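The values are calculated or read from the model by the stated rules, or taken from the named source; none is laboratory data. Model, not experiment: these values are computed from the prediction. When we count neighbours, we look across all protein chains shown, and the Cβ atoms used for this are built from the backbone with ideal geometry, even at glycine.
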Amino acid sequence: MRASDLPAPQSAISPLAFDYIRRLVRKESSIVLDDGKTYLVTSRLGPLARECRFESVAAFISHLQSTSTGKLHTLAVEAIATTETSFFRDHHPFAALRDEILPEMVRRRSTSRTLSIWSAACSSGQEPHSIAMILRDRFANLEGWNLQLAASDISRRMTDRAREGLYTQLEVNRGLPAPYLVRFFEQTEDRWLLREDVRKLFRFFHQNLAEPWSVVAPVDILILRNVLIYFDVDMRREVLRRVRGLLRPDGYLLLGSAETTLNIDDLFTRVPVGRAVFYQVTPKKGQER
Ligand SMILES: C[S@@+](CC[C@H](N)C(=O)[O-])C[C@H]1O[C@@H](n2cnc3c(N)ncnc32)[C@H](O)[C@@H]1O
């Protein structure tokens, strides 16, 4: 019998159990769970509790509480994270990347012939793969360049999925232009597989943004969308401080449409591009980009 065939575990949890999960998630990932998010904890831990053969979410949490932090705790934290994403999410930022930011960067880097992009909370990969498709479609002249394309997430389940590049009909229906589906995907039994040469453009790896970052080389385009919203202000500030240390002086940061550097880190300059907004590190007095 498969875990998914088992009956759903009892889902009610006590305020103390909720509080334990809230603290665990905060400590391990910096994700803040507000009061009243009990339903979110139970609904997201339910499948994992079932998979691990616990009779209820409460029993699962009780097990976590009574054992020292290990694999199950990590899986629980990963299961709580919101992983909502889609191809070409919000459209405008990708249009701006395609029509303005990437052409500008390619022009500026035409001598060094290097370009580095990091999608730093990439979920199941639709975000970096959208960029990979744009690169294949519009930037054939990058043949022979040193492309450093990286994508990471706290959830290994998500980076595994992203690496695999296999999507359901529902997922490809969300935001992927039909010509790109035809051109870049092969239909398998009931899924769509991203062509290998596109799928392999980005390197996928595990990175918890609350821990030291393994990306140390300067980055031209840093995509950090829809993840800061889950952190408290101190963590947002810390992440943005590290971003400033990593972005090249003429590099661009892209945040989610509900996110901003405003009132968190005033050393960024807001740069509207088409109908999207990017950010650049504000040059120090007397310094040029
Ligand atoms: C809502 S998704 C956003 C995905 C994509 N960037 C987008 O905008 O469509 C948020 C992602 O952030 C990841 N995440 C949450 N906390 C994180 C952390 N501390 N470090 C790295 N990734 C984290 C989650 O696992 C999830 O995949």
Look at A49 and say whether it is assigned to a helix (DSSP H, G or I), outside the structural domain of N226 (by TED's automatic domain parsing) and buried (at least 22 other Cβ atoms within 10 Å of the Cβ). yes
Quick one: is Q65 more than 16 Å from the ligand (Cβ to nearest atom), without any contact (Cβ under 8 Å) to a residue 60 or more places away in the chain and surrounded by fewer than 20 Cβ atoms within 10 Å (Cβ to Cβ)? yes
Within segment 69-108, residues being surrounded by fewer than 21 Cβ atoms within 10 Å (Cβ to Cβ), modelled with pLDDT of 95 or more and not in a helix (DSSP H, G or I) number 9
Can you find, within segment 162-194, the residue that is surrounded by the fewest Cβ atoms within 10 Å (Cβ to Cβ) among those that are assigned to a helix (DSSP H, G or I) and within 16 Å of the ligand (Cβ to nearest atom)? L170
List the residue pairs whose Cβ atoms are under 7 Å apart, where the first residue sits in segment 27-56 and is under 24 Å from N208 (Cβ atoms), the second is charged (D, E, K, R) and not in a loop (DSSP other than H, G, I, E, B), and the two are 6 or more positions apart or on different chains. V32/R26; L33/R22
Pick out the one residue from T159, T114 that is farther than 23 Å from R275 by Cα, of a type outside the set (A, V, I, L, M) and near the ligand (Cβ under 10 Å from one of its atoms). T159
Among the residues of segment 199-210, is any surrounded by fewer than 17 Cβ atoms within 10 Å (Cβ to Cβ) and more than 15 Å from the ligand (Cβ to nearest atom)? yes
What number of residues within segment 211-235 satisfy the criterion of being under 18 Å from V277 (Cα atoms) and either within 15 Å of the ligand (Cβ to nearest atom) or loosely packed, with under 15 Cβ neighbours inside 10 Å (or both)? 9
Go through segment 109-138 residue by residue and tally those that are buried (at least 17 other Cβ atoms within 10 Å of the Cβ) and over 14 Å from I223 (Cβ atoms). 4
